[in-house]
Amino acid sequence: MPTAHPPAVSATLREVGLRDGLQSVTTIVGTADKCRWVDAAHAAGVREIEVGSMVPARLLPQLADTEAVLQHALRLPGLVASVLVPNLKGAQRALAAGAHAMIVPLSASHAHSLANLRKTPDEVVAEVARIRAARDASGNRAGSRTIIEGGVGTAFGCTLQGEVPEAEVLRLLQALLDAGADRVSLADTVGHADPARVSRLFDKALHRVGDRLRYAHFHDTRGMGLANAYAAWQAGVRGFDACLGGIGGCPHAPGASGNVATEDLAYMLERMGAHTGVQVPALLQLRRQLQQWLPGEPLHGSLWQAGVIRTRTEPAPAPNTAAACL
Ligand code: ZN
C-alpha cells in the first residue's frame with residue numbers, strides 16, 4: 001500500500017516592507033508604486049500585507065499615503081490588509097478606513113517604550129482597552145470587524161535597557177488579550193534574539209496564550225533572522241512578518257539589514273515542506289522592481305544571488321560561459 005504523504009503544514013507570510021521597511025528608509029516611494037508593490041505581492045500569493053502606519057504625516061512622510069494604499073489593498077480578493085496604529089487616534093482612522101486588522105505596538109522594554117511611544121507598557125495596554133471599546137462602538141459587525149493585534153516588541157532584549165525579562169513579556173501578552181486584543185505577536189525589534197531564546201520564549205508564550213499568539217517578527221540585524229524564524233516555527237508559530245529585500249535597517253546600527261527577507265523566508269519554509277502559497281520566483285522578480293523604487297538603498301537577503309534550486313523537470317538557465325563555478 002502506498003504511504004500517503006501527510007498534508008503540508010501551512011505558514012502565513014505577512015509582508016511588512018511597506019510599513020516597517022519604508023519607515024526606516026529616506027526615499028519616499030510614490031503611492032502608485034506602492035500600489036504596484038501590493039498588486040505584485042498579492043499576485044505572487046502573499047495574502048497578508050501591512051500597508052502602512054496611521055501616524056501623523058509630519059512624523060513619517062514616507063507613510064503619509066497609508067489610507068490611499070489601504071483603500072487599494074482592500075479591493076484585492078483574499079488579501080488581509082493591516083495597518084499599524086500607535087494609539088486610539090490612529091485606530092479611529094483605521095476603523096474609518098475599514099482596515100482588516102490593526103496592529104498596536106507595545107514595547108516590553110520600559111526604557112524603549114518611554115523613548116519611542118512616550119508611554120509605559122501598561123499605558124499601552126490601557127490604550128488597547130480604549131481601542132477595543134472604539135472598535136465595538138464603531139458598528140464593526142462580527143465577521144467584518146477590524147482585528148486588533150497587540151504587537152509586543154523588544155521581546156528578546158533592548159538596546160536601551162538590555163535584558164527584558166521573559167516573565168514581563170508573558171505578562172504583557174496576557175494583559176493585551178485581557179484588555180481586548182484579538183491576537184498578539186512577538187517582535188525582535190532591535191535584533192537581540194537568538195534561536196535558543198526564541199525557542200524558550202515562544203514555547204512559554206504558546207503554552208500561555210495558545211494560537212492567539214499569531215505572528216513572529218524578526219529582524220536580521222545580526223544575521224540570525226532565519227535561524228530565529230526556524231526556532232519559532234519549531235515551537236509552533238505559523239505566522240511570520242517579513243520585508244521584501246530585507247529592507248528596514250536598524251536605527252541603532254546604520255547599514256544593518258532590516259527584517260528577515262520575505263523571499264528568503266518563503267523559500268526556507270517551502271524547502272522545509274511548509275505551504276506558504278507564495279511563488280518565490282515572482283517575489284524575486286518583485287525584489288528587482290523594488291530596487292528601482294529605492295535607488296541607492298541597500299537591499300539584503302541571500303536567495304536573490306543564487307536563485308532557487310530548480311527541480312529536474314524545470315529548464316536550467318543558460319550557462320554562464322564567462323566564469324567557472326566549482
Ligand atoms: Zn520591526
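Among VAL38, VAL46, VAL51, VAL29, which is the only one that is assigned to a helix (DSSP H, G or I), among the β-branched types (Val, Ile, Thr) and buried (at least 19 other Cβ atoms within 10 Å of the Cβ)?
VAL38
Condition test on GLU166, is it touching a Leu at 6+ places or on another chain (Cβ under 8 Å), under 16 Å from PRO86 (Cα atoms) and either open to solvent by 40 Å² or more (accessible area, probe 1.4 Å) or acidic (Asp, Glu) (or both)?
Judged against the criteria, GLU166 is not a match.
Just give me the residues in segment 157-176 being part of a loop (DSSP other than H, G, I, E, B) and touching a residue at least 24 places away in the same chain (Cβ under 8 Å), in sequence order.
Going residue by residue through segment 157-176, those that are part of a loop (DSSP other than H, G, I, E, B) are 159-161, 163-165.
Those that are part of a loop (DSSP other than H, G, I, E, B) and touching a residue at least 24 places away in the same chain (Cβ under 8 Å): THR159, LEU160, GLN161, VAL164.
What is the one condition in (1) modelled with pLDDT under 95; (2) within 20 Å of ALA91 (Cα to Cα) that GLU149 does not satisfy?
Of everything listed in (1) modelled with pLDDT under 95; (2) within 20 Å of ALA91 (Cα to Cα), GLU149 misses just condition (1).
Those residues that are within 16 Å of the ligand (Cβ to nearest atom) and without any contact (Cβ under 8 Å) to a residue 40 or more places away in the chain, I need them from segment 199-222; list them, please.
Listed by number, the residues that qualify are ALA216, THR221, ARG222.
Every residue in segment 117-141 that is of a type in the set (Gly, Ala, Ser) and either open to solvent by 70 Å² or more (accessible area, probe 1.4 Å) or part of a loop (DSSP other than H, G, I, E, B) (or both), please.
Answer for segment 117-141, where residues must be of a type in the set (Gly, Ala, Ser) and either open to solvent by 70 Å² or more (accessible area, probe 1.4 Å) or part of a loop (DSSP other than H, G, I, E, B) (or both): ALA137, SER138, GLY139.
Quick one: GLY210 ticks every box in (1) open to solvent by less than 30 Å² (accessible area, probe 1.4 Å); (2) more than 24 Å from ALA101 (Cα to Cα); (3) at pLDDT 95 or above except a single one, so which number is it?
For GLY210, the failing item is (2).
For segment 57-116, give me the residue count where each residue is in contact with a helix residue (DSSP H, G or I) (Cβ under 7 Å, 6 or more places away or on another chain), aliphatic (A, V, I, L, M), assigned to a helix (DSSP H, G or I) and open to solvent by 30 Å² or more (accessible area, probe 1.4 Å).
Residues meeting the conditions: 2.
Would you tally the residues in segment 223-236 being among the small types (Gly, Ala, Ser) and either open to solvent by 30 Å² or more (accessible area, probe 1.4 Å) or more than 15 Å from the ligand (Cβ to nearest atom) (or both)?
Looking only at segment 223-236, we keep the residues that are among the small types (Gly, Ala, Ser), and these are 223, 225, 227, 229, 231-232, 235-236.
Next, only the ones that are either open to solvent by 30 Å² or more (accessible area, probe 1.4 Å) or more than 15 Å from the ligand (Cβ to nearest atom) (or both) stay: 223, 227, 231, 235-236.
Matching residues across segment 223-236 total 5.
Here's the yes/no breakdown for (1) of a type in the set (A, V, I, L, M); (2) farther than 20 Å from ASP241 by Cα; (3) surrounded by 20 or more Cβ atoms within 10 Å (Cβ to Cβ):
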position	(1), (2), (3)
ALA266	yes, no, yes
GLU270	no, no, no
LEU286	yes, no, yes
TRP293	no, yes, no
PRO298	no, no, no
SER302	no, no, no
GLN305	no, yes, no
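Report yes if some residue within segment 177-187 is in a helix (DSSP H, G or I) and open to solvent by 10 Å² or more (accessible area, probe 1.4 Å); otherwise report no.
Quick first cut of segment 177-187, residues in a helix (DSSP H, G or I) only: 177-178.
Then drop every residue that is not open to solvent by 10 Å² or more (accessible area, probe 1.4 Å), which leaves 177-178.
Within segment 177-187 (the criterion being in a helix (DSSP H, G or I) and open to solvent by 10 Å² or more (accessible area, probe 1.4 Å)), the answer is yes, since at least one residue qualifies.
Could you list all residues from segment 267-309 that are over 19 Å from the mean Cα position of the chain (by Cα), charged (D, E, K, R) and over 19 Å from ALA227 (Cα atoms)?
Scanning segment 267-309 gives ARG288, GLU297.
Just the residues that are assigned to a helix (DSSP H, G or I) and touching a helix residue (DSSP H, G or I) at 6+ places or on another chain (Cβ under 7 Å), please, taken from segment 188-199.
PRO195, VAL198, SER199
Restricting to segment 5-28, name every residue that is touching a helix residue (DSSP H, G or I) at 6+ places or on another chain (Cβ under 8 Å) and closer than 14 Å to LEU244 by Cα.
Residues satisfying the conditions are LEU13, GLU15, GLY17, LEU18, ARG19, GLY21, LEU22, GLN23, VAL25.
Any residue at all in segment 16-28 that's away from the ligand (no atom under 16 Å from the Cβ) and basic (Lys, Arg)? Before the answer, list the steps.
Step one: of segment 16-28, the residues away from the ligand (no atom under 16 Å from the Cβ) are 26-28.
Then drop every residue that is not basic (Lys, Arg), which leaves none.
No; the residues of segment 16-28 include none that is away from the ligand (no atom under 16 Å from the Cβ) and basic (Lys, Arg).
Among the residues in segment 245-255, are any within 15 Å of the ligand (Cβ to nearest atom), part of a strand (DSSP E or B), of a type in the set (Gly, Ala, Ser) and open to solvent by 10 Å² or more (accessible area, probe 1.4 Å)? Quick ask: steps written out before the conclusion?
Here is the first cut: in segment 245-255, the ones within 15 Å of the ligand (Cβ to nearest atom) are 245-253.
Among the residues that remain, those that are also part of a strand (DSSP E or B) are: 250, 253.
Next, only the ones that are of a type in the set (Gly, Ala, Ser) stay: 253.
If we keep only those that are open to solvent by 10 Å² or more (accessible area, probe 1.4 Å) as well, we get 253.
Looking through segment 245-255, at least one residue is within 15 Å of the ligand (Cβ to nearest atom), part of a strand (DSSP E or B), of a type in the set (Gly, Ala, Ser) and open to solvent by 10 Å² or more (accessible area, probe 1.4 Å).
Yes or no, residue by residue, for (1) within 25 Å of ALA43 (Cα to Cα); (2) not in a helix (DSSP H, G or I):
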{"residue": "GLY210", "(1), (2)": "no, no"}
{"residue": "HIS217", "(1), (2)": "yes, yes"}
{"residue": "ALA229", "(1), (2)": "yes, no"}
{"residue": "SER257", "(1), (2)": "no, yes"}
{"residue": "GLU270", "(1), (2)": "yes, no"}
{"residue": "GLN285", "(1), (2)": "yes, no"}
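The values are calculated or read from the model by the stated rules, or taken from the named source; none is laboratory data. As the structure is a computational prediction, the values presented were derived from the model and not from experiment. Quick reminder, even Gly has a Cβ in these numbers, built from the backbone with ideal geometry, and neighbours come from all protein chains shown. Ligands, DNA and RNA are stripped out before the accessible areas are found, and what is left, the full protein with its side chains, is counted by its heavy atoms. Shrake-Rupley method; radii C 1.70, N 1.55, O 1.52, S 1.80 Å.
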